[in-house]
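A.B. asks: Once you've had a glance at the structure underneath, I'll fire off some questions.
Nothing in this text is a laboratory measurement; each read-out follows from the coordinates by a stated rule. This structure is a prediction, so every number in the text was calculated from the model and none was measured. Don't worry about glycine lacking a Cβ; one is built from the backbone with ideal geometry, like all the others, and counts go over all protein chains shown.
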Amino acid sequence: MTAPVLEKPAVQPAPAGAPRPAAGGAAPDRPAAPPARRRFLQGAWAACLAAALVLGFVGYLFTLSHLQEKHYQSTAYKTFRDQLARAVAPTGSAADGDPVALLDIPAIGLHQAVVVEGTTGRDLMRGPGHRRDTALPGQSGVSVVFGRGATFGAPFAELSGLRVGDRIEATTGQGKFTYTVTTYGDGDHPIGDPARDRLVLVTGDSDWIPGSTVLIGARLEGAPAQNPGGRPATVPYDKALAADKGALATLQLWSLGLLGAVFGALVLARYWRRSAAYLSLAPVVGALLWAVYENAAALLPNLY
């Protein structure tokens, strides 16, 4: 008996307009995304990137800035203790950011805080700041010290919790001095204490974006130290709630550097292994992003 012969099915012609299969049986390329969808995806990607940058800045303000201030305080404390031991701690005007005093306020849990010279936004990133045109703590006259209430360690976050009779201790190159809290004030009601030798502590009135100030006045107990005078004049950025507008140009430069580093990483990834390219430039991008955030923070009110 003869086996039946199987006929091959006829190949049906492809309909008009259908994509032809690639050589070797490979699947045809996917059609390009419509322009509207492509624009939507690009906009969504840009929005996600902007949101990530904003969230990163918030994280920097309320987490990393505290670590930054703590690191500076640790270094400045060692420097100032050494200056005290060698009797070379400043008793007159000093350079911006230099340590000039130690501050203890037990009632709000502030211990051995290093007070730096200057009250600009950058100065107060390092800790409480002494207003340059006033006496140093312990000297005859009025001494004014600013402190942040929310970011960069927030040394004066609990300042409004001080009560009449609470003690404040200050240590400078001229010795150790004690103040007693006597009065309060704010941006609309300045302290009018007639005492000659006193200390005024200043911070913002809110742990969000402050709109006014909180003032605490304290009188010096005992005899004051000599005030050498010759204090420099303040600059606009020294005022309470002032923003350091000088940081704007620096912010722009660091931002350009960050964009350049990101672009460089993308270009490098095209000619090298992608993971290796990104990992190699990640520390550079991270350092530049930190600098961008720090300069952006200087544009916020200095007591924030």
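A.B. asks: Please find the FRET efficiency linking LEU256 to ALA87, where r is the Cβ-Cβ separation and R0 is fixed at 45 Å, and quote it to the nearest 0.05. List each step's numbers first, then the result.
C.D. replies: Numbers: r = 47 Å, r/R0 = 1.03.
Calculated value: 0.45.
A.B. asks: Please list, by residue number, every one of the trypsin sites (Lys or Arg not before Pro) in the range 132-208 that is coil in DSSP and has at most 11 other beta-carbon atoms within 10 Å. Please report the intermediate quantities before stating the final value.
C.D. replies: Details: sites: ARG132, ARG148, ARG163, ARG167, LYS176, ARG196, ARG198; in loops: ARG132, ARG148, ARG163, ARG196.
Listed in order of number, the matching sites are ARG163, ARG196.
A.B. asks: Angle check, please: helix 35-59 long axis (alpha carbons) against the longest principal axis of the chain (alpha carbons), in degrees 0 to 90, nearest 10.
C.D. replies: The answer is roughly 30 degrees.
A.B. asks: With r as the distance between the Cβ atoms of ASP133 and LEU268 and R0 = 51 Å, compute the FRET efficiency 1/(1 + (r/R0)^6) and round to 0.05. Show your work: numbers first, answer last.
C.D. replies: On the way: r = 51 Å, r/R0 = 1.00.
For LEU268 and ASP133, the calculated efficiency is 0.50.
A.B. asks: Right, here's the next one. List the residues, sorted by chain then number, that are 5 or more residues from VAL214 or on another chain and whose placed amide H is less than 5 Å from its amide H.
C.D. replies: THR203, GLY204, ASP205
A.B. asks: With a cut-off of 8 Å between alpha carbons and a minimum separation of six or more residues, what is the relative contact order of the range 69-238 in percent?
C.D. replies: 22
A.B. asks: Taking every alpha carbon pair in the range 104-234, what does the distance histogram look like in 5 angstrom bins from 0, in percent?
C.D. replies: 2, 11, 21, 27, 22, 13, 4, 0
A.B. asks: Then there's this: Please report, in Å, the Rg and the Dmax of the chain, where both are computed over Cα atoms only.
C.D. replies: When restricted to Cα atoms, the chain yields Rg and Dmax of 31.3, 131 Å.
A.B. asks: Relative to the longest principal axis of the chain, what angle (0 to 90°, nearest 10) does the C-alpha long axis of helix 274-297 take?
C.D. replies: 30
A.B. asks: Something else now. How big is the Cα convex hull of the range 32-183 in projection, averaged over all directions, in nm²? Kindly include the intermediate steps, with their values, before the conclusion.
C.D. replies: Working: hull surface 50.1 nm².
If you wrap the Cα atoms of the range 32-183 in a convex hull and average its projections, you get 12.5 nm².
A.B. asks: Okay, next question. Could you state the angle between the C-alpha long axis of helix 247-271 and the longest principal axis of the C-alpha atoms of the chain, as a value from 0 to 90 degrees rounded to the nearest 10?
C.D. replies: Roughly 30 degrees between the two axes.
A.B. asks: Taking +1 at the Cβ of each Lys and Arg and -1 at the Cβ of each Asp and Glu, which of PRO210, VAL200, GLN226 sits farthest along the dipole of the range 194-240 towards its positive end, judged by Cα position relative to the Cα centre?
C.D. replies: It is GLN226.
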